[in-house]
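K.L.:
Mind looking over this structure? Questions follow.
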Amino acid sequence: MNRLTRTAASGLERVGQEWWRGAAIYQIYPRSFRDANGDGIGDLPGITQRLDYVASLGVDAIWISPFFTSPMADFGYDVADYCGVDPIFGTLADFDALVARAHALGLRVTIDQVYSHTSDQHAWFVESRASRDNPKADWYVWADPKADGSPPTNWQSVFGGPAWTWDARRGQYYLHNFLSSQPQLNCHLPAVQDALLDVARFWLDRGVDGFRLDALNFAMHDPQLRDNPPAQPDGKPRTRPFDFQQRLYNQSHADIPAFIERIRALTDSYDGIFTVAEVGGKDADREMKLFTSGDARLNSAYGFDFLYADRLTPEVVKRALGQWPDAPGIGWPSWAFENHDAPRALSRWCAPEHREAFARLKAVLLAALRGNIIVYQGEELGLTQVEIPFEQLQDPEAIANWPLTLARDGARTPLPWQAQSEQGGFTASSAPWLPLGEENMARAIDRQEADPASLLNLTRQLIALRKAHPALRSGACEVVLADESRLVLRRVAEGESLIAMFNLSAAEAAWPQGLATTGETIFAVNGAEPGRLPAFAAILVRETT
């Protein structure tokens, strides 16, 4: 079935529509969403079986983290076959069934693409490392040692240690910005770009509606192999050699945007395809703008403004929004408070006794931001970070840097579907790949479904509110006030002006001077009302003219 036929059959209207602008996207981490075959690991059939739940949230699309063939050294971000489904997740037929069911429910499907590196088990790398003169010899980044046998540069890997590994087959080092089992593709090479575009085309022809491009600023290195200069201390703990350098030459090469334009040209040859880049690092603001500028590059990008913030303050929000002004040539932002790479926000941003109130405020704030919003599975339930003992850790980054770690495993724990069921209804196995966490079992979906006042049902209301008000979904955004505890945003579109007001502190705050207490309240939590901002209050008011 070609894409035009598939599109027509799905009932999703894409042609000429930027469906993604202001969309709510639900991130699914497949290992932890639902296990359909009882092996303790979530899979594609498990996702398909529960897509009705996702659709009930009112989101526009799902983003599925990697499910490709992989040895799972980095849990799918080490791809051994870009066009295959790993057997632990199912088959290509299972993926096709998932897409068909999602489209029938009105959900678009976006998936990860990992273009900066592959697994060392990928057929391309197996061939590349075999000799210096085979057809794929230069598809990866190879370099001779220095005269003393040491690595070609001083570059360090994200996960710790040198970014170069010696390979006796070729008598050279190969580059890896992450694990040594994740060799760096040479994306400077047109043949490599062509092969990656063929991968994208494969999934587009299967009906996907968009791509999240993982670690895109790592896609190209400095061919001159210059050493990175040292970084000045910034007051933060340095847990990895990677933190001691300015990453000027191992990533972020100036030729990346030209490759992005080739990606966009391909996706534009299909209807209604969404592209979003993940961009991390200290230069993320510049790179996100660069990767999304104009109409020939990506639709959107997101960084780690909120994901790695240890506190949520008005200034953090003001600074993040300020990076994406509503101006010609500036791209469209995407926002996430949580994902598979960052500790759960409620465990970072508030004391345990404030979590219920703070979760409601956080949900209103996410709904009020200008841009696309990404809800990480379980965020709608108020899941918190699960403490995983060292002997149960799976994440290679966490193991390598324990106990100073991002603790990614604690945010990747399985989704609790049923409070009273063994393993929370996630699996029939007695041994899920990670523990669910006793505290999170009490927040199970079935328990919150039955409670009209639950965070789950509040999230549904907010997503529906965002859809009903163009000012929230795609309107202009002005930061009216951002002081020590209060944040005030003005969202405007199509003749409607909404004020979104937040008290991010645990004490009552004064109503801001100059803001009227009249106007229609369209949403409020934690006792907020015109003229009054209790602790963790959030209120949305339609301004009168």
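The values are calculated or read from the model by the stated rules, or taken from the named source; none is laboratory data. Since this is a predicted model, take the numbers as computed values, not measurements. Counting neighbours? That spans all protein chains shown, and the Cβs are built from the backbone with ideal geometry, glycine included. All accessible areas refer to the heavy atoms of the entire protein, side chains included, with ligands and DNA or RNA removed. Shrake-Rupley method; radii C 1.70, N 1.55, O 1.52, S 1.80 Å.
K.L.:
Assess whether L498 counts as being farther than 28 Å from A351 by Cβ, more than 27 Å from the chain's Cα centre (by Cα), in a strand (DSSP E or B) and of a type in the set (A, V, I, L, M, F, W, C).
P.N.:
yes
K.L.:
Please pick out the residue among K136, K146 that is out of contact with any strand residue (DSSP E or B) (no Cβ under 7 Å at 6 or more places or on another chain), over 27 Å from C83 (Cα atoms), open to solvent by 30 Å² or more (accessible area, probe 1.4 Å) and in a loop (DSSP other than H, G, I, E, B).
P.N.:
K146
K.L.:
Just to verify a result, which residue in segment 405-428, among those that are more than 25 Å from the chain's Cα centre (by Cα) and at pLDDT below 95, is most open to solvent (accessible area, probe 1.4 Å)?
P.N.:
Selected residue: Q420.
K.L.:
If a residue must be in contact with a helix residue (DSSP H, G or I) (Cβ under 6 Å, 6 or more places away or on another chain) and modelled with pLDDT under 95, how many such residues does segment 342-368 contain?
P.N.:
Total meeting the criteria: 1.
K.L.:
Separate question: Of these, A538, A528, A507, A468, which one is modelled with pLDDT of 95 or more, closer than 28 Å to I25 by Cα and more than 26 Å from the chain's Cα centre (by Cα)?
P.N.:
Testing whether each residue is modelled with pLDDT of 95 or more, closer than 28 Å to I25 by Cα and more than 26 Å from the chain's Cα centre (by Cα) leaves just A528.
K.L.:
Would you confirm whether any residue within segment 352-364 is among the hydrophobic types (A, V, I, L, M, F, W, C), closer than 24 Å to A442 by Cα and within 19 Å of the chain's Cα centre (by Cα)?
P.N.:
Going through segment 352-364, the residues among the hydrophobic types (A, V, I, L, M, F, W, C) turn out to be 357-359, 361, 363-364.
The next check asks that each one be closer than 24 Å to A442 by Cα; those that pass are 357-359, 361, 363-364.
Subset that is within 19 Å of the chain's Cα centre (by Cα): 363.
The answer is yes; a qualifying residue exists.
K.L.:
Kindly indicate whether any position in segment 210-220 is in a loop (DSSP other than H, G, I, E, B) and either farther than 24 Å from L290 by Cα or open to solvent by 20 Å² or more (accessible area, probe 1.4 Å) (or both).
P.N.:
The answer is no; no qualifying residue exists.
K.L.:
Further question: Is it true that T110 is of a type in the set (V, I, T), closer than 24 Å to T69 by Cα and surrounded by 22 or more Cβ atoms within 10 Å (Cβ to Cβ)?
P.N.:
yes
K.L.:
Still on this structure: Mind listing whichever residues of segment 113-133 are farther than 23 Å from E278 by Cα, of a type in the set (A, V, I, L, M, F, W, C) and open to solvent by less than 10 Å² (accessible area, probe 1.4 Å)?
P.N.:
F125, the sole residue that qualifies.
K.L.:
Let me ask something else. Go through segment 181-204 and count every residue that is free of Cβ contacts under 8 Å to residues at least 60 places away in the same chain and part of a loop (DSSP other than H, G, I, E, B).
P.N.:
Count: 2.
K.L.:
Exactly one of (1) part of a loop (DSSP other than H, G, I, E, B); (2) without any contact (Cβ under 8 Å) to a residue 40 or more places away in the chain; (3) surrounded by fewer than 12 Cβ atoms within 10 Å (Cβ to Cβ) is unmet by R238. Its number?
P.N.:
Unmet condition: (3).
K.L.:
Has segment 520-530 got at least one residue that is farther than 20 Å from L462 by Cβ and surrounded by fewer than 18 Cβ atoms within 10 Å (Cβ to Cβ)?
P.N.:
Checked against the condition, which is being farther than 20 Å from L462 by Cβ and surrounded by fewer than 18 Cβ atoms within 10 Å (Cβ to Cβ), segment 520-530 yields no hits at all.
K.L.:
Please enumerate the residues belonging to segment 332-356 that are over 20 Å from L489 (Cα atoms) and small (G, A, S).
P.N.:
Scanning segment 332-356 gives A342, A345, S347, A351.
K.L.:
Could you figure out which of (1) open to solvent by 40 Å² or more (accessible area, probe 1.4 Å); (2) free of Cβ contacts under 8 Å to residues at least 24 places away in the same chain; (3) more than 28 Å from A55 (Cα to Cα); (4) not hydroxyl-bearing (S, T, Y) isn't true of N154?
P.N.:
Here N154 meets the rest and fails (2).
K.L.:
Turning to a different aspect of this structure: Collect the residues in segment 182-209 that are of a type in the set (G, A, S) and either surrounded by fewer than 19 Cβ atoms within 10 Å (Cβ to Cβ) or in contact with a Gly (Cβ under 6 Å, 6 or more places away or on another chain) (or both), keeping them in residue-number order.
P.N.:
Passing the criteria: A191, A195.
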